[in-house]
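The values are calculated or read from the model by the stated rules, or taken from the named source; none is laboratory data. These figures come from a predicted structure and were not determined experimentally. When we count neighbours, we look across all protein chains shown, and the Cβ atoms used for this are built from the backbone with ideal geometry, even at glycine.
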């Protein structure tokens, strides 16, 4: 479970541990990832990993395999979002970092983990992306662009590895009560809640439960899906 020191990543790790999964969580800061691992009931191991580069993403999977004494059967990809900005305010060079963080990290982790799943005939890949891949969010052009690319990669991968017993899905969070959301919009989330059909922002634990379900054997007939968890914020038919 990458990017699990806080927010939706930590909530997903907690849900997997509650289901009896042995979980390796990664984060950039030793203190934060150690605290996160200690806060989750279950068999949870914390490792320091920075998935913002291809080398760091591959290293995370290698560390997870070493900690588990065997290759991971479940891969949950996650990373923080790039800085906000518009077309006018965002320089071309900024796109490279965003693609590394939210697209190439997913590709690299999959390249490192999926072949062993194929050989075993069972595996789960779940990517935490954003509802912006279906409905771009104003002021977040870097995230909108990079995560849409990741969604195209994941759909293609899902079709290729489905015969091998490996499912590949993504979960598209809307507005959840996380540090990132509060950092973007301030600590008063009432306006966001009012603009969401359920009239509330999401709870991280509810999101984690959905992600954990997609990792389970019960979800074996779901692959190539991009599942919105957004309180109805995405309004299109398809």
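How many residues does the stretch 150-179 hold that are part of a helix (DSSP H, G or I) and crowded, with 19+ Cβ neighbours inside 10 Å?
Number satisfying all stated conditions: 6.
Residue under question is residue 211, and the condition is that it be assigned to a helix (DSSP H, G or I), touching a residue at least 12 places away in the same chain (Cβ under 8 Å) and in contact with a strand residue (DSSP E or B) (Cβ under 6 Å, 6 or more places away or on another chain); does it hold? So that I can check it myself, show each step before the final result.
Details: assigned to a helix (DSSP H, G or I): yes; touching a residue at least 12 places away in the same chain (Cβ under 8 Å): yes; in contact with a strand residue (DSSP E or B) (Cβ under 6 Å, 6 or more places away or on another chain): yes.
In short, yes.
For residues in the stretch 83-116 being under 14 Å from the mean Cα position of the chain (by Cα) and in contact (Cβ under 8 Å) with a residue 60 or more places away in the chain, which is nearest to residue 17 (Cα to Cα)?
109
Of all the residues that make up the stretch 48-74, how many are surrounded by 19 or more Cβ atoms within 10 Å (Cβ to Cβ) and either touching a residue at least 60 places away in the same chain (Cβ under 8 Å) or more than 25 Å from residue 154 (Cα to Cα) (or both)?
Of the residues in the stretch 48-74, 1 are surrounded by 19 or more Cβ atoms within 10 Å (Cβ to Cβ) and either touching a residue at least 60 places away in the same chain (Cβ under 8 Å) or more than 25 Å from residue 154 (Cα to Cα) (or both).
crowded, with 19+ Cβ neighbours inside 10 Å and either at pLDDT 95 or above or under 20 Å from residue 207 (Cβ atoms) (or both): does that describe residue 116? Working first, answer last.
Numbers: crowded, with 19+ Cβ neighbours inside 10 Å: no; either at pLDDT 95 or above or under 20 Å from residue 207 (Cβ atoms) (or both): yes.
The answer is no for residue 116.
Kindly indicate which of 208, 191 is surrounded by 16 or more Cβ atoms within 10 Å (Cβ to Cβ), over 15 Å from residue 110 (Cα atoms) and in contact with a helix residue (DSSP H, G or I) (Cβ under 9 Å, 6 or more places away or on another chain). Reasoning before the result, please.
Numbers: 191 fails: surrounded by 16 or more Cβ atoms within 10 Å (Cβ to Cβ).
None of the others qualify; the one that does is 208.
Can you give me the number of residues within the stretch 15-31 that are touching a residue at least 24 places away in the same chain (Cβ under 8 Å), closer than 19 Å to residue 61 by Cα and either in contact with a helix residue (DSSP H, G or I) (Cβ under 6 Å, 6 or more places away or on another chain) or part of a helix (DSSP H, G or I) (or both)?
The qualifying residues number 6.
Hey, residue 41 hits all of (1) modelled with pLDDT of 95 or more; (2) buried (at least 17 other Cβ atoms within 10 Å of the Cβ); (3) over 30 Å from residue 235 (Cβ atoms) but one; which does it fall short on?
Every listed condition holds for residue 41 apart from (2).
Restricting to the stretch 126-149, name every residue that is under 12 Å from the mean Cα position of the chain (by Cα), part of a loop (DSSP other than H, G, I, E, B) and without any contact (Cβ under 8 Å) to a residue 60 or more places away in the chain.
Residue satisfying the conditions is 130 alone.
For the stretch 211-238, enumerate the residues that are within 21 Å of residue 163 (Cα to Cα) and over 13 Å from the mean Cα position of the chain (by Cα).
At the first step, the residues of the stretch 211-238 found to be within 21 Å of residue 163 (Cα to Cα) are 213-226.
Selection gives 213, 216, 217, 218, 219, 220, 221, 222, 223, 224, 225.
Scan the stretch 60-71 and give yes if some residue there is in a helix (DSSP H, G or I), at pLDDT 95 or above, closer than 19 Å to residue 13 by Cα and touching a helix residue (DSSP H, G or I) at 6+ places or on another chain (Cβ under 6 Å), otherwise no. Steps first, please.
First, pick out the residues of the stretch 60-71 that are in a helix (DSSP H, G or I): 60-68.
So of that shortlist, the ones also at pLDDT 95 or above come out as 60-68.
When the remaining residues are screened for being closer than 19 Å to residue 13 by Cα, the result is 60-68.
Remaining after also requiring touching a helix residue (DSSP H, G or I) at 6+ places or on another chain (Cβ under 6 Å): 61.
Taking every residue of the stretch 60-71 in turn, at least one turns out to be in a helix (DSSP H, G or I), at pLDDT 95 or above, closer than 19 Å to residue 13 by Cα and touching a helix residue (DSSP H, G or I) at 6+ places or on another chain (Cβ under 6 Å).
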